[in-house]
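Enquirer: Please read through the structure below; I'll follow up with questions.
The values are calculated or read from the model by the stated rules, or taken from the named source; none is laboratory data. Everything numeric here is computed off the predicted structure, so don't read it as measured data. Using ideal geometry, Cβ is built from the backbone for each residue, glycine included, and neighbour counts are taken over all protein chains shown. These area figures cover heavy atoms from the full protein model, side chains too; ligands, DNA and RNA do not enter into them. Shrake-Rupley method; radii C 1.70, N 1.55, O 1.52, S 1.80 Å.
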Amino acid sequence: MPEFPAYRPRRLRRTEALRALVRETRLSPSQLVLPLFARPGQGVRQPVESMPGVHQTSVDELVKDARAAADAGVGGVLLFGIPEHKDEQGTSAWDDSGPVQRAVRALKNDVPQLVVITDVCMCEYTSHGHCGVLVNGDVDNDATLELLSREALSHARAGADIVAPSDMMDGRVGAIRSALDGAGFTNTAIMSYSAKFAGAFYGPFRDAAESTPQSGDRRGYQMDAANAEEALRETWLDIEEGADIVMVKPAGPYLDVIARVKAETGYPLAAYQVSGEFAMIQAAAERGWIDRERVMMESLLGIRRAGADVIITYFAAEAARLLR
Ligand code: PBG
């Protein structure tokens with residue numbers, strides 16, 4: 001390494017043109033994925049209080065938001081559903097005319113350039129709000145696999161490009177892959193929430209998806225926030241079971257995990273900037289304490305620099321517009 005005064009790093013920081021010339025990391029709209037919340041009805045647009053700018057919408061309104069995002073260059077959308085009715089088993093999850101399934105069909109028809117990804121989980125559909133079936137108060141792993149497979153198949157039948165299991169049951173990627181293949185959906189990809197950490201950052205989302213557990217929490221199935229080695233084991237397991245894209249979630253507080261998973265697996269990697277990360281930025285900006293646009297872009301750039309190929313973020317459409 002040359003030393004000062006021969007080497008002066010500031011020389012290449014002097015103008016924006018020089019900085020742009022040697023910039024190491026770039027964000028592109030096509031790498032961004034926008035989460036959307038589908039509910040029954042027509043002309044429905046209900047704000048989510050803890051996530052300013054985010055709405056639960058009926059399918060007709062959802063298509064408008066997706067089209068606006070696609071026009072800004074956003075690469076894909078990730079769909080969550082708020083069903084008409086919930087029960088112990090979460091049977092609405094595989095209703096072929098549920099809000100997610102109808103949204104997939106509408107998007108494939110009206111906005112074909114978007115990649116359509118569906119979240120596969122039971123928590124939005126069960127009356128108790130847990131991510132699987134309860135047996136004696138505990139989420140039963142193996143019994144849940146069958147239900148997740150039905151849900152994923154229903155999304156594939158609707159035309160989803162990618163199904164994204166977020167439940168954290170052991171063996172679910174393998175179960176879903178064989179269910180899809182068995183039904184001829186060999187080209188439907190799986191984006192697995194591989195290293196999904198339990199914690200407090202999902203709070204606002206649970207308002208948006210109406211999926212707060214009625215008792216207990218998710219620490220019995222989502223990962224302990226302290227564990228990076230385990231995140232790698234989880235990710236390798238999903239890869240061996242057939243995941244096409246792996247995921248780390250949340251993103252901002254887990255940049256070390258993103259960097260390690262990318263370096264050690266080399267797999268296409270998604271990172272989810274979750275509702276709590278989004279809400280903190282929005283709230284501080286509303287108070288005038290931070291510059292919203294700059295913090296938003298810096299938070300996304302950090303996730304990209306850590307190694308994420310795909311970033312799932314509630315800022316997707318807005319960030320894409322700024323990047324054009
Ligand atoms: C479903 C699911 C959750 C999120 C994505 N899929 C909530 C949870 O696990 O409680 C969180 C997304 C966010 O906070 O933005 N299991």
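Enquirer: Would you kindly compute the Cα radius of gyration of the chain and its largest Cα-Cα separation (Dmax), both in Å?
Expert: Just the Cα atoms of the chain yield Rg and Dmax of 20.0, 70 Å.
Enquirer: Per 5 Å bin from zero, what fraction in whole % of the C-alpha pairs of region 146-272 is there, up to the bin with the longest pair?
Expert: For region 146-272, the pair-distance distribution reads 2, 11, 21, 21, 19, 15, 9, 2.
Enquirer: Picking from VAL100, GLY182, GLN282, whose Cα lies most toward the positive end of the charge dipole for the chain (charges on Cβ: Lys, Arg +1; Asp, Glu -1)?
Expert: The residue sitting farthest along the positive end of the dipole is GLN282.
Enquirer: For region 119-274, which whole percent of the accessible surface, found with a 1.4 angstrom probe, sits on carbon and sulfur atoms?
Expert: 49
Enquirer: Related question: Could you give the size of the charge dipole of region 236-324 about its Cα centre, using +1 on the Cβ of each K and R and -1 on the Cβ of each D and E, expressed in debye and rounded to the nearest 20?
Expert: About 420 debye.
Enquirer: Taking N as the number of residues in region 1-52, what value does Rg over Cα atoms divided by 2.2 N^0.38 Å take?
Expert: That ratio works out to 2.32.
Enquirer: Can I ask one more? Find how many whole Å separate the alpha carbon centroid of region 203-262 from the alpha carbon centroid of region 272-288.
Expert: 20
Enquirer: Under 5 Å between amide hydrogens, which residues at least 5 positions from GLY90 or on another chain qualify, with H placed 1.01 Å from N in the peptide plane?
Expert: Hits under the 5 Å cutoff: SER127.
Enquirer: Mind checking which of SER299, GLY132, ILE82 is farthest towards the positive end of the chain's charge dipole, using Cβ charges of +1 (Lys, Arg) and -1 (Asp, Glu) about the Cα centre?
Expert: Highest projection toward the positive end goes to SER299.
Enquirer: If the cut-off is a Cα-Cα distance under 25 Å, which lysines reach LYS262, setting aside same-chain residues fewer than 8 apart in sequence?
Expert: Within the straight-line cut-off, LYS262 pairs with LYS196, LYS249.
Enquirer: Moving on. Assuming R0 = 45 Å, can you tell me the calculated FRET efficiency for the pair VAL22 and ARG287, based on Cβ-Cβ distance, to the nearest 0.05?
Expert: 0.80
Enquirer: Ranked highest first by the average count of other Cβ atoms within 10 Å around their residues, in what order do 21-30, 151-160, 138-147 fall?
Expert: Highest to lowest by the protection proxy: 151-160, 138-147, 21-30.
Enquirer: Scattering from the C-alpha atoms of region 78-169 alone, worked out with Debye: what is log10 I(q)/I(0) at q = 0.17, 0.20, 0.21 1/Å?
Expert: -0.64, -0.85, -0.92
Enquirer: Under a cut-off of 16 Å between alpha-carbon atoms, report the lysines in cross-link reach of LYS64, not counting same-chain residues fewer than 8 places apart.
Expert: Those lysines meeting the cut-off are LYS108.
Enquirer: Might you tell me the accessible area per residue for region 121-206, computed with a 1.4 Å probe and given in Å²?
Expert: 31
Enquirer: By average Cβ neighbour count within 10 Å, what is the ranking of 293-299, 225-231 from highest down?
Expert: Per-residue Cβ counts within 10 Å, averaged per peptide and sorted highest first, yield 293-299, 225-231.
Enquirer: Grab the DSSP H runs of the chain that are 4 residues or longer, score each as -39,500 (n - 2.57), total them, divide by all residues and round the 222 nm result to the nearest 500 deg cm²/dmol.
Expert: That comes out to -12000 deg cm²/dmol.
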